[in-house]
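The values are calculated or read from the model by the stated rules, or taken from the named source; none is laboratory data. Please read these numbers as outputs of a predicted model, since none were measured by experiment. FYI the Cβ positions are ideal-geometry reconstructions off the backbone, even for glycines, and counts take in every protein chain you see.
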């Protein structure tokens, strides 16, 4: 065992689960994995189901599985993506509560695990929020609407609210918060590449997360070799994160490593869009090895979770498993040791997002440190579900103090508790009451 991490990693399949032992060999025992949350537990809110075949994954990822030759991996960094197909449809505070509840009880390997107590788990609340289809808009012609300064402020506010609520609910958490990676190349009009990270609200939101995350890709299938390591445009594609400030011109803010010098980076997706192309296996593998070497040498990158071991038809050029040569090569790569260290959870008050100010120019601002923090305490009026209360009407009647609860009252109670309304009542749950308020005394 070594104190140094391995920059290797793998995005666990969101489709067929074949040769998982090779998948985890490719990830490395000291490397990283990305996994969608619902593979570890049925999610009634998003209607997604767990992977029972692999024992809901957590135990296999952390403690190993001897029948498959999978060793324990106490140093593996497990990135859990709380995935939903339309982040805009969810209230971030409600989604934070749901995230806390979901990951606090993962039934895997004959035990129930609270992932928030694992210091080598990191959690992100969404995925590529600057893409039209990740917010429920399937019209590609509308993409320009979601890469404006205002759109990024909206993304910042949503993620800040999620992180603040998680920290309020879990003041002693050990698991880490991982920024939900944005899709690259979608900076606002007039901004430099990666200029979206110079927007003050985005920077303030990222400050709430212990780990930065990105999704850099080479486009070997379209842009060709110039987008891969060694190519003329590599630092705007696969090596984008490593671009130095001023690389292209004096206004170039650089990649995220330059813009966030005090934050470790986890590359939660990466690839070439040629993973299934057997004829291009050597080219694809060379690009991956060069990126791993760059990441390890930086001392800043916690891992690269290649996208994706296997999948449904949504990612036909990115799946690794069908290409036997590539999957075997990745499984047999040596470790890429790095000095990058996993941070320790820091739960504290967060600086409020800056008030929106119309930018005087699209030129990027220099990186700034978060301002002084303020701690906010939130007290809510709540009512607990008691034994025997099997319906929302029963809870509403007790909350109102009279037997004449109507459908309107139930609707108000459910609107105040959207996550619980989707998942069903359970004895012991605490529900927000829309009819009571908390008053200060003394």
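Some notes on this structure:
- Just one residue in the set 350, 399, 314 is closer than 30 Å to residue 434 by Cβ and at pLDDT 75 or above; that residue is 399.
- Of the candidates 204, 234, 258, the single residue that is out of contact with any strand residue (DSSP E or B) (no Cβ under 9 Å at 6 or more places or on another chain), over 29 Å from residue 286 (Cβ atoms) and either crowded, with 19+ Cβ neighbours inside 10 Å or outside the structural domain of residue 124 (by TED's automatic domain parsing) (or both) is 204.
- Index of the failed condition, residue 97 passing every other in (1) closer than 26 Å to residue 161 by Cβ; (2) assigned to a loop (DSSP other than H, G, I, E, B): (2)
- Test: residue 29 is under 18 Å from residue 268 (Cα atoms), surrounded by fewer than 23 Cβ atoms within 10 Å (Cβ to Cβ) and at pLDDT 95 or above: yes
- Residues that are assigned to a helix (DSSP H, G or I) and surrounded by 16 or more Cβ atoms within 10 Å (Cβ to Cβ), drawn from segment 301-328: 326, 327
- Residue check for residue 296: modelled with pLDDT of 95 or more, in contact with a strand residue (DSSP E or B) (Cβ under 6 Å, 6 or more places away or on another chain) and not assigned by TED's automatic domain parsing to the domain that holds residue 199: no
- Residue in segment 290-300 that is surrounded by fewer than 24 Cβ atoms within 10 Å (Cβ to Cβ) and not in a helix (DSSP H, G or I) present: yes
- For residue 66: the one exception among (1) in contact with a strand residue (DSSP E or B) (Cβ under 6 Å, 6 or more places away or on another chain); (2) farther than 29 Å from residue 132 by Cβ: (1)
- Considering 149, 112, 100, the condition of being assigned by TED's automatic domain parsing to the domain that holds residue 331, out of contact with any helix residue (DSSP H, G or I) (no Cβ under 8 Å at 6 or more places or on another chain), surrounded by 17 or more Cβ atoms within 10 Å (Cβ to Cβ) and more than 27 Å from residue 8 (Cα to Cα) is satisfied by 149 alone.
- Residues of segment 379-408 that turn out to be surrounded by 11 or more Cβ atoms within 10 Å (Cβ to Cβ) and part of a loop (DSSP other than H, G, I, E, B), as a count: 9
- Cβ pairs under 7 Å, 6+ apart, first in segment 138-165 and on the phi > 0 side of the Ramachandran plot, second in a loop (DSSP other than H, G, I, E, B) and surrounded by fewer than 22 Cβ atoms within 10 Å (Cβ to Cβ): none
- Only listed residue being outside any loop (DSSP other than H, G, I, E, B), assigned by TED's automatic domain parsing to the domain that holds residue 325 and in contact with a helix residue (DSSP H, G or I) (Cβ under 9 Å, 6 or more places away or on another chain), chosen from 24, 45: 24
- Extreme residue, nearest to residue 200 (Cα to Cα), among residues of segment 259-285 that are in contact (Cβ under 8 Å) with a residue 40 or more places away in the chain and assigned to a helix (DSSP H, G or I): 259
- Complete set of residues in segment 16-26 that are modelled with pLDDT under 95 and farther than 14 Å from residue 324 by Cα: 16, 17
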